[in-house]
Amino acid sequence: MLIAVNKPMNMLSQFTSEGGWPALDALGLPKGVYAAGRLDRDSEGLLLLTDDGGLQARISSPKYKSPKVYFALVEGVPDDAALAKLRTGVVLKDGKTAPCEAEAVGTPDWIWDRDPPVRIRKSITDTWVRLTLTEGKNRQVRRMCAGVGFPVIRLVRFSIGPHDIRGLAPGEWREL
């Protein structure tokens with residue numbers, strides 16, 4: 001069984017609540033499924049769950065280089081040099097990131113209003129950046145964007161391999 005979940009902001013990617021934060025058990029998911037990878041509490045979007053350990057490993061292991069597409073709303077307007085650094089790899093404390101795809105894009109037409117709303121500052125322009133990664137270091141997209149001078153204020157994982165969140169509102173799920 002493979003399930004796509006649109007994980008809302010401020011929900012843990014586990015089945016047990018912790019620190020007052022809700023967990024996946026609040027979504028009425030079938031018993032016996034486990035997350036294939038993680039999304040941080042403050043990130044939103046696609047989380048795949050499965051009851052198949054081999055499939056779970058193939059989805060979450062960087063060895064299989066499954067592309068993951070993220071949309072990051074960043075503070076400021078990344079220039080060509082910043083986008084080029086993202087594409088070629090950013091040096092982080094735990095090593096250089098693998099090359100990825102990165103481009104500034106308009107507001108995605110499928111994006112939902114976030115709860116709580118994103119903090120908007122009139123004096124700073126925000127830009128959406130689409131990134132496609134094949135590795136998954138801890139908080140990688142946030143650290144990469146900050147590393148090139150553009151902190152992330154909202155992060156949404158859109159897809160993993162051929163699976164995406166189209167048609168799923170935050171907190172909704174479907175069997176694939």
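The values are calculated or read from the model by the stated rules, or taken from the named source; none is laboratory data. Just so it is clear, the model here is predicted, and its values are computed rather than measured. A quick note on method: Cβ atoms are made from the backbone with ideal geometry, for glycine too, and the neighbour counts reach across all protein chains shown.
Look through Ser17, Ser13 and report the one residue that is modelled with pLDDT under 95, closer than 22 Å to Arg114 by Cβ and surrounded by 15 or more Cβ atoms within 10 Å (Cβ to Cβ). I'd like the intermediate steps shown before the answer.
Details: Ser17 fails: surrounded by 15 or more Cβ atoms within 10 Å (Cβ to Cβ).
Step by step, each of Ser17, Ser13 is checked, and only Ser13 is modelled with pLDDT under 95, closer than 22 Å to Arg114 by Cβ and surrounded by 15 or more Cβ atoms within 10 Å (Cβ to Cβ).
Go through region 79-105 residue by residue and tally those that are within 15 Å of Arg142 (Cβ to Cβ) and hydroxyl-bearing (Ser, Thr, Tyr).
The total comes to 1.
For (1) over 25 Å from Gly161 (Cα atoms); (2) out of contact with any Leu (no Cβ under 7 Å at 6 or more places or on another chain), each residue gets a yes or a no:
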| position | (1), (2) |
| --- | --- |
| Lys93 | yes, yes |
| Thr97 | no, yes |
| Glu103 | no, no |
| Thr107 | no, yes |
| Ile111 | no, yes |
| Arg121 | yes, yes |
| Trp128 | no, no |
| Arg142 | no, no |
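Taking the residues in region 125-159 that are of a type in the set (Val, Ile, Thr) and assigned to a strand (DSSP E or B) as candidates, determine which candidate is surrounded by the fewest Cβ atoms within 10 Å (Cβ to Cβ). Lay out the reasoning, then the answer.
Narrowing region 125-159 to residues of a type in the set (Val, Ile, Thr): 125, 127, 129, 132, 134, 141, 148, 152-153, 156.
Pick out the ones that are also assigned to a strand (DSSP E or B) and you get 127, 129, 132, 152-153, 156.
Numbers: Thr127: 16, Val129: 24, Thr132: 14, Val152: 20, Ile153: 17, Val156: 25.
My answer is Thr132.
Filter region 91-110 for residues that are modelled with pLDDT of 95 or more and of a type in the set (A, V, I, L, M); which is nearest to the chain's Cα centre (by Cα)?
Ala102
Of the residues that make up region 25-44, is at least one basic (Lys, Arg) and within 22 Å of Gln140 (Cα to Cα)? So that I can check it myself, show each step before the final result.
Here is the first cut: in region 25-44, the ones basic (Lys, Arg) are 31, 38, 41.
Applying the additional criterion that residues be within 22 Å of Gln140 (Cα to Cα) yields 38, 41.
Yes, because at least one residue in region 25-44 is basic (Lys, Arg) and within 22 Å of Gln140 (Cα to Cα).
Pick from region 44-84 the residues that are among the acidic types (Asp, Glu) and loosely packed, with under 14 Cβ neighbours inside 10 Å: which of them is nearest to Trp128 (Cα to Cα)? Even if it seems obvious, please write down each step before you answer.
Restricting attention to region 44-84, the residues satisfying the condition of being among the acidic types (Asp, Glu) are 44, 51-52, 75, 79-80.
Those still in the list that are loosely packed, with under 14 Cβ neighbours inside 10 Å too: 79-80.
Working: Asp79: 13, Asp80: 14 Å.
Checking each candidate, the answer is Asp79.
What number of residues within region 53-70 are on the phi < 0 side of the Ramachandran plot and touching a residue at least 60 places away in the same chain (Cβ under 8 Å)? Give the steps one after another, and end with the answer.
Keep residues of region 53-70 that are on the phi < 0 side of the Ramachandran plot, which gives 53-64, 66-70.
Restricting the remaining residues to those that are touching a residue at least 60 places away in the same chain (Cβ under 8 Å) gives 59-60, 62, 66-70.
Result for region 53-70: 8.
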